[in-house]
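Since every read-out is calculated from the coordinates, none of them should be taken as a lab result. This is a predicted model, so every value here is computed, not measured. Cβ placement follows ideal geometry from the backbone for every residue including glycine, while neighbour counts extend to all protein chains displayed.
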Amino acid sequence: MEILIRDSAEIGCILGAKIIARVVREKPDAVLGLATGRTPLRLYQELIRLHRDEGLDFSRVTTFNLDEYIGFAGTHVQSYRYFMRENFFRHINIDPQRTHVPDGTATNLHAECRGYEQRILDAGGIDIQLLGLGRNGHIGFNEPTGSLRSRTWIKILSEQTLRDNSAVFGSFEAMPKHALTMGIGTILDARRCLLLAFGPAKVRAVEHMVEGPLAAICPGSALQLHPRATVILDENSSAGLHYADHYRWVDSHKLDWQRNG
Ligand code: F6R
């Protein structure tokens with residue numbers, strides 16, 4: 001795991017955008033795995049700026065989102081399809097046909113999960129998967145104790161996750177309690193993973209993910225198995241790490257070709 005600690009979430013998001021932009025510049029038909037949530041919003045804004053000001057071209061890019069609430073159509077304002085359209089897709093020159101979000105309204109959800117896996121394979125696999133981290137260590141909607149080898153599946157959201165996300169819903173009761181999500185095995189198949197976690201609420205999850213044992217109780221710890229996982233943190237979220245000085249040391253002694261952005 002490559003751990004990059006930056007002074008602020010703002011700087012971390014700009015770096016994350018730079019990393020993704022480089023992938024798109026080097027491979028114009030790249031396949032991007034995307035996340036929703038509060039964390040990547042600033043990163044998407046920076047990618048939009050790079051598109052507008054520097055001509056970053058998404059016309060041949062394909063995307064696959066991590067997850068979607070069950071029962072929400074893409075027109076629902078709380079759906080992740082809607083989130084992606086509003087916060088990213090409609091501001092860049094991406095072909096909407098190439099943007100994939102699991103269909104939470106599919107009549108056969110199991111078939112939708114299998115089909116999603118197949119569509120990722122057909123696209124050639126994911127070049128870089130963007131991830132956030134839940135306070136309980138979840139990635140995608142893979143909640144604690146879910147199989148570390150899981151493929152796209154149906155998950156019951158934990159009470160903590162629902163409470164963390166309830167602010168945007170207005171009420172806990174109104175929230176869907178189930179979601180479709182790429183599995184941890186699906187995420188680990190991406191050629192590169194890029195996880196962002198900022199703020200004091202993520203301290204414990206970051207500590208367990210980076211320095212804890214590889215364990216299903218912290219799904220994010222599965223990234224320890226990934227040959228190319230980059231984790232971008234800020235001072236707040238990295239406050240519980242025992243080896244923070246070591247990560248800073250490694251970061252400041254990289255060879256030129258090892259540097260990100
Ligand atoms: C979102 C997702 C989730 C979030 C995580 C953190 O597509 O898969 O794992 O990344 O819940 O959410 P925020 O960024 O809102 O703290």
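Considering only residues that are loosely packed, with under 15 Cβ neighbours inside 10 Å and within 10 Å of the ligand (Cβ to nearest atom), which ones fall in region 25-40?
Selection gives Arg38 alone.
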Being in contact with a helix residue (DSSP H, G or I) (Cβ under 8 Å, 6 or more places away or on another chain) and over 23 Å from Ala73 (Cβ atoms) is the filter here, so list the residues in region 139-163 that pass it.
Ile139, Asn142, Glu143, Pro144, Gly146, Ser147, Leu148, Arg149, Ser150, Arg151
Given the condition under 22 Å from Leu223 (Cβ atoms) and either of a type outside the set (A, V, I, L, M, F, W, C) or in contact with a Leu (Cβ under 7 Å, 6 or more places away or on another chain) (or both), answer yes or no: does some residue in region 72-81 qualify?
yes
Exclusive hit being more than 16 Å from the ligand (Cβ to nearest atom), touching an Asp or Glu at 6+ places or on another chain (Cβ under 9 Å), among the small types (Gly, Ala, Ser) and without any contact (Cβ under 8 Å) to a residue 24 or more places away in the chain, set Gly55, Gly115:
Gly115
Identify, by number, the condition in (1) touching a strand residue (DSSP E or B) at 6+ places or on another chain (Cβ under 7 Å); (2) within 12 Å of the ligand (Cβ to nearest atom); (3) in contact (Cβ under 8 Å) with a residue 24 or more places away in the chain; (4) within 14 Å of Tyr80 (Cβ to Cβ) that Leu157 doesn't meet.
(3)
Here are some conditions: (1) under 16 Å from the mean Cα position of the chain (by Cα); (2) more than 19 Å from Asp67 (Cβ to Cβ); (3) more than 12 Å from the ligand (Cβ to nearest atom). Ile217 meets all but one. Which one does it not meet?
(1)
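Of the residues that make up region 179-196, is at least one more than 26 Å from Gly115 (Cα to Cα) and within 15 Å of the ligand (Cβ to nearest atom)? Steps first, please.
Filtering region 179-196 for residues more than 26 Å from Gly115 (Cα to Cα) gives 196.
Next, from what is left, pick out any that are within 15 Å of the ligand (Cβ to nearest atom): 196.
The answer is yes; a qualifying residue exists.
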In this structure, is Ser147 farther than 25 Å from Asn260 by Cα, among the polar types (S, T, N, Q) and either in contact with a strand residue (DSSP E or B) (Cβ under 7 Å, 6 or more places away or on another chain) or within 12 Å of the ligand (Cβ to nearest atom) (or both)?
no
